[in-house]
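To start, the structure under review is shown below, and the notes come after it.
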Amino acid sequence: MLAFLRDKARDRHVFDEELVNLIALDVASSERRHEAQREALESCLQKLPAPQRELVLTAYTKGTRMDELAARRGQTAMSLCKLLHRVRQALLKCVRHTISLEERA
């Protein structure tokens with residue numbers, strides 16, 4: 001059994017060139033798509049009213065607790081979560097619209 005495990009650990013999978021090229025194309029396509037989404041999100045964030053933009057940036061900063069943020073804003077955690085949900089939905093709609101416009105161009 002140990003010999004089998006040792007041999008399996010040494011086994012190197014060899015992919016043919018066509019498969020490697022397909023994987024590389026898929027990765028490149030994913031990178032372009034993610035970059036387009038990131039750029040659209042940045043653009044859409046800038047279009048938000050300043051208070052909403054600041055809320056989103058604050059809420060998604062590492063270490064931010066929703067209950068503490070809600071208390072600082074004089075809101076309940078539930079109302080803050082609902083507000084953030086509406087802002088996220090608006091951002092998603094904007095990102096999708098922006099990307100669809102870019103794909104048509």
Taking region 25-53 and keeping residues closer than 30 Å to ARG73 by Cβ and exposed (fewer than 14 other Cβ atoms within 10 Å of the Cβ) leaves ARG38, GLU42, SER43, GLN46, LYS47, PRO49, ALA50, PRO51
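One line per residue, one yes/no per condition, for (1) touching a residue at least 12 places away in the same chain (Cβ under 8 Å); (2) in a loop (DSSP other than H, G, I, E, B):
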residue: PHE4; (1), (2): no, no
residue: PHE15; (1), (2): no, yes
residue: VAL20; (1), (2): no, no
residue: GLN37; (1), (2): yes, no
residue: SER43; (1), (2): yes, no
residue: ARG53; (1), (2): no, no
residue: ALA70; (1), (2): no, no
Going residue by residue through region 73-90, is there one that turns out to be assigned to a loop (DSSP other than H, G, I, E, B) and surrounded by 14 or more Cβ atoms within 10 Å (Cβ to Cβ)?
yes
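Laboratory data are not the source of any read-out in this text; all were calculated from the coordinates shown. The structure displayed is predicted, hence computed values, not measured ones. Backbone-built Cβ (ideal geometry, glycine too); neighbour counts: all protein chains shown.
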